Amino acid sequence: MKKAQTKLMWLVTGLLFSSATWAEYGLNLRKGVTDYSQTAYDMHMLAFWICVVIGIIVFGAMLYSIVAHRKSKGVTPEQFSHSTFAEILWTIIPIVILAAMAWPATKALIQMENPTDEAGKPMNMDMTIKVTGYQWKWRYDYMDEGFGFLSTLAKDSNIARQKDSGIKPETVDNYLLDVDKPLVIPVDTNIRFLLTADDVIHAWWVPDFGWKRDAVPGFVNEAWTNVKVPGTYRGQCAELCGKDHGFMPVVVEAVSKEDYAAWVAEQKGGQAEEAVMAEKTWTKEELMTKGEAVYNQQCATCHQADGAGLPPTFPALAGSDFVNGPAADQIGLVLNGKPGTAMAAFGNILSETDIAAAITYTRNSFGNTAGDIVQPTDVKNLK
């Protein structure tokens, strides 16, 4: 028994002092990469050191009294039961401390809600990004540039998280913290975020920015940031939003203004190319190839990679009478969703080409025998 206890002690000690353990364990609040996150960190440290000083004084006095005034030294206790001076003292001191902490905290909150420059004038925002939460993905719309895209869990993490995938999560880089398309922003730029949701309440959170905001259906929340340091910053949905809440990461890449301008030009070129592709007549092989990729990225979370679904919430597509029925009915369902169920409307989320490809794939996979194909123009005509 004693031998087993010794082994357990060495095991715990080894885990506590292993470099891997401490590498993943953050003891303190991170400073972040914005002025606001730095302010939050400073206030956190102010409160921490005030608590440390109070703790040293209180517990030091208690320890001194216990040792210096113990019964074995012949000390007899005082018999008083009330001290007006002490009560005034321990009332005034906490009030002063709280007031000293409330002043910078209030100032920081006001700056977060109504940002002003050094002259006290309202701060101008250089660009606006709309963030929309869906189960279980984010959509980013660059309001000033006129384009947007979906950001979903990266393929490697999505495959590894599947039941019986046989892939160890620790072998996947940034497991559950990576996406297929990150949000790209320029550094040293005042950016306004407008946050909402299309289905349930989500919360967009990047710890290095120093804030999080709820994304509520039918309501627009507002926040802002100005990232000072280029880099990749990761976060997650911070609101329990459904069964796959844990698979909804946020990744932001902060780049130089020059790199951001080049990236915007590339995205606009992609939008133009997408418009051309939407008018093209696709072959079945092309639609199946693209459809498999779209399905695995956007649909497999609910309907599963093999189309078996998770009945009754997420019905199976394999052998489905609906999927093997008229294509127009399936297009309408994908475009408009189904109220009262978990089936979201993808008409404003995915491109016409992506929808056509995904529908074609489901109608010709999982043992389904519809045999037909859906062109992007078919989707466009039913929008």
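The values are calculated or read from the model by the stated rules, or taken from the named source; none is laboratory data. Remember, it's a predicted structure, so these values are computed and weren't measured experimentally. Neighbour counts are summed over all protein chains in view; Cβ atoms, including those assigned to glycine, are modelled from backbone coordinates with ideal geometry. Each accessible area value is taken on the protein alone, full model and side chains, heavy atoms only, with ligands, DNA and RNA left out. Shrake-Rupley method; radii C 1.70, N 1.55, O 1.52, S 1.80 Å.
Would you check if there is a residue in region 33-53 being of a type in the set (A, V, I, L, M, F, W, C), in a loop (DSSP other than H, G, I, E, B), surrounded by 11 or more Cβ atoms within 10 Å (Cβ to Cβ) and out of contact with any His (no Cβ under 8 Å at 6 or more places or on another chain)? So far as region 33-53 goes, yes, one or more of its residues are of a type in the set (A, V, I, L, M, F, W, C), in a loop (DSSP other than H, G, I, E, B), surrounded by 11 or more Cβ atoms within 10 Å (Cβ to Cβ) and out of contact with any His (no Cβ under 8 Å at 6 or more places or on another chain). Just so you know, in region 10-26 the residues that are hydrophobic (A, V, I, L, M, F, W, C), more than 24 Å from TYR233 (Cβ to Cβ) and modelled with pLDDT under 65 include one that is most open to solvent (accessible area, probe 1.4 Å), and it is PHE17.
Going through region 306-331 one residue at a time, which ones are in contact with a helix residue (DSSP H, G or I) (Cβ under 6 Å, 6 or more places away or on another chain) and closer than 17 Å to THR360 by Cβ? Even if it seems obvious, please write down each step before you answer.
First, the residues of region 306-331 that are in contact with a helix residue (DSSP H, G or I) (Cβ under 6 Å, 6 or more places away or on another chain): 309, 314, 317, 323, 330-331.
Matches in region 306-331: LEU317, VAL323, GLN330, ILE331.
Only helices (runs of 4 or more DSSP H) whose full extent lies in region 290-383 are considered here, and the ones with at least 3 residues that are surrounded by fewer than 18 Cβ atoms within 10 Å (Cβ to Cβ) are 327-336, 376-382. For region 27-64, a residue qualifies if it is modelled with pLDDT under 90 and touching a Pro at 6+ places or on another chain (Cβ under 7 Å), and exactly one does: ARG30. Going residue by residue through region 77-97, is there one that turns out to be in contact (Cβ under 8 Å) with a residue 12 or more places away in the chain and of a type in the set (A, V, I, L, M)? Yes, region 77-97 contains a residue that is in contact (Cβ under 8 Å) with a residue 12 or more places away in the chain and of a type in the set (A, V, I, L, M). Taken over region 189-206, the criterion of being open to solvent by 50 Å² or more (accessible area, probe 1.4 Å), in a loop (DSSP other than H, G, I, E, B) and of a type outside the set (A, V, I, L, M) is satisfied by ASP198, ASP199. In region 275-289, the residue that is farthest from ASN381 (Cα to Cα) out of those that are exposed (fewer than 13 other Cβ atoms within 10 Å of the Cβ) and among the acidic types (Asp, Glu) is GLU285. Restricting region 132-163 to residues that are under 15 Å from ALA300 (Cα atoms) and β-branched (Val, Ile, Thr), the residue that is modelled with the highest pLDDT is THR152. Across region 151-164, what is the total count of residues that are over 15 Å from ASP244 (Cβ atoms) and open to solvent by less than 80 Å² (accessible area, probe 1.4 Å)? Residues that pass the stated criteria total 0. Look at MET62 and say whether it is farther than 22 Å from MET101 by Cβ and hydrophobic (A, V, I, L, M, F, W, C). Answer is yes for this residue.
Based on what the data block shows, is ASN296 of a type outside the set (Gly, Ala, Ser) and modelled with pLDDT of 95 or more? It is false that ASN296 is of a type outside the set (Gly, Ala, Ser) and modelled with pLDDT of 95 or more.
Which residues, taken from region 263-310, are of a type in the set (Gly, Ala, Ser) and on the phi > 0 side of the Ramachandran plot?
Filtering region 263-310 down to residues of a type in the set (Gly, Ala, Ser) leaves 265, 269-270, 272, 275, 278, 291, 293, 300, 305, 307-309.
Correct list: GLY307, GLY309.
If you go through region 169-188 and keep only what is open to solvent by less than 50 Å² (accessible area, probe 1.4 Å) and on the phi > 0 side of the Ramachandran plot, you end up with just LEU176.
Hey, could you check region 139-149 for residues that are part of a strand (DSSP E or B) and open to solvent by 20 Å² or more (accessible area, probe 1.4 Å) and say which is farthest from ASP199 (Cα to Cα)? Explain how you work it out, then say what you get.
At the first step, the residues of region 139-149 found to be part of a strand (DSSP E or B) are 139-142, 147-149.
Cutting the leftovers down to open to solvent by 20 Å² or more (accessible area, probe 1.4 Å) gives us 139, 141.
On the way: ARG139: 13, ASP141: 17 Å.
Within region 139-149, the match that is farthest from ASP199 (Cα to Cα) is ASP141.
Of the residues making up region 207-243, those that are surrounded by fewer than 18 Cβ atoms within 10 Å (Cβ to Cβ) and among the polar types (S, T, N, Q) are ASN221, THR232.
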